[in-house]
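All remarks here apply to the structure that follows.
The values are calculated or read from the model by the stated rules, or taken from the named source; none is laboratory data. Predicted, not measured: the structure shown is a model, and the values here were computed from it. Heads up, the Cβs are rebuilt from the backbone with ideal geometry, glycines too, and the neighbour counts pull from every protein chain shown.
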Amino acid sequence: MSGSIASTYTVIDVWGLVLAMVMVCAAAGISVAMKLGVARSLVWGSVRSLIQLLVMGIVLTYIIRWNNAWITVGLLCVMVLAAAQIAMGRAKGAPSGMIGIVLLSLAVTMLLMITVVVEIIIRPKNWASPELIIPITGMLLGNAVSALALGLNRFFDSMRERADDVQTMLALGATKWEAARPSIRNSVKLGLLPSIAKLETSGIVMIPGMMAGQIISGESPFQAAKYQFVLLTGIAALTLVADAIILALVYKRCFTSYDRYLVPPPAPALSLKTLKSMFRKDSLKHLLEHGTDSATKSADKAEK
């Protein structure tokens, strides 16, 4: 069953896109009626998604046509950079100055996963085949971003909630790692739960995106199922490895060099202005020297 079945692919016209937006507007109307406060975000997110997907479709058309390894690798680097920025934007409870760590962790884990999934398991004739490596990278990153944001949020929230426990453990001679380990373990577990749920429900409750797309385009459902399984296991592994690496690198942010417990304040809303400050080390130095309250006041003054 290695070949394709008869293609039944149907092109979506402009009116199909318009009707899809009408459904979104109807949902936004229900949101307004229920006073949920998400109508604007829902409509704007849908418009943004449509534009981004169409632009990506045009870009991928040319990249696949050119079939240039350097262009493909360049696009992958842009995708990883964007994923790191989005992850930090969603991690509302995480402090600023961490985008470098998130970027490093995503880059390392993505390189590992792409090597295993694409080059060892799938083994395409062209190692940089854009029609294969770019969609797989996008799906891996898309799932990893949500898991990383969830894990970072949970870790720093947990450290704040466990302030008394952590201080007691440090007073009794526990190391930084021992004091932070319960929060690290719970955060990694929470980030992995969506991937586990997808593994358990795939093929019974739902047909995942990659498998559905291949079937719609006329590929063999059996081959599509194998591709989807490889992708789901890659997502689960990527989530676990990336979460573990990031939390192993950032847990010391909750302590000073003298083993004093100190959780940095959450980062301000992500913008071009705050993005530049994420790469600066002086904010962390000021925090360790003057404490959380002083750092918060300094950030407020900077915003004014």
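For region 90-97, state whether one or more residues are modelled with pLDDT under 95 and assigned to a helix (DSSP H, G or I). Break it down stepwise before answering.
Taking region 90-97 as the starting set, the residues that turn out to be modelled with pLDDT under 95 are 90-97.
In the following step, the residues that additionally are assigned to a helix (DSSP H, G or I) were identified as 90.
Scanning region 90-97, I find at least one residue that is modelled with pLDDT under 95 and assigned to a helix (DSSP H, G or I), so the answer is yes.
Identify, from the list 166, 188, the residue that is in contact with a strand residue (DSSP E or B) (Cβ under 7 Å, 6 or more places away or on another chain), over 30 Å from residue 67 (Cβ atoms) and part of a helix (DSSP H, G or I). Step through it out loud before you land on a result.
On the way: 188 fails: in contact with a strand residue (DSSP E or B) (Cβ under 7 Å, 6 or more places away or on another chain).
Result: 166 is the single residue among 166, 188 that is in contact with a strand residue (DSSP E or B) (Cβ under 7 Å, 6 or more places away or on another chain), over 30 Å from residue 67 (Cβ atoms) and part of a helix (DSSP H, G or I).
Looking at (1) surrounded by 12 or more Cβ atoms within 10 Å (Cβ to Cβ); (2) not assigned by TED's automatic domain parsing to the domain that holds residue 126, which is the one condition that is false for residue 85?
(2)
Taking the condition assigned by TED's automatic domain parsing to the domain that holds residue 251, touching a helix residue (DSSP H, G or I) at 6+ places or on another chain (Cβ under 8 Å) and part of a helix (DSSP H, G or I), does residue 76 pass? Even if it seems obvious, please write down each step before you answer.
Values: assigned by TED's automatic domain parsing to the domain that holds residue 251: yes; touching a helix residue (DSSP H, G or I) at 6+ places or on another chain (Cβ under 8 Å): yes; part of a helix (DSSP H, G or I): yes.
Answer is yes for this residue.
Do you know which residues across region 133-145 are free of Cβ contacts under 8 Å to residues at least 60 places away in the same chain and buried (at least 16 other Cβ atoms within 10 Å of the Cβ)?
Keep residues of region 133-145 that are free of Cβ contacts under 8 Å to residues at least 60 places away in the same chain, which gives 138, 142.
Of everything in region 133-145, just one residue is free of Cβ contacts under 8 Å to residues at least 60 places away in the same chain and buried (at least 16 other Cβ atoms within 10 Å of the Cβ), namely 138.
Could you check region 208-241 and list, in sequence order, the residues that are of a type in the set (D, E, K, R) and either buried (at least 18 other Cβ atoms within 10 Å of the Cβ) or in a loop (DSSP other than H, G, I, E, B) (or both)?
Within region 208-241, the first condition is being of a type in the set (D, E, K, R), and the residues that meet it are 219, 226.
Result: 219, single match.
If you go through region 109-130 one residue at a time, how many are part of a loop (DSSP other than H, G, I, E, B) and surrounded by 12 or more Cβ atoms within 10 Å (Cβ to Cβ)?
Looking only at region 109-130, we keep the residues that are part of a loop (DSSP other than H, G, I, E, B), and these are 123-129.
Within this subset, residues satisfying the condition of being surrounded by 12 or more Cβ atoms within 10 Å (Cβ to Cβ) are 124, 126-129.
So the count comes out to 5.
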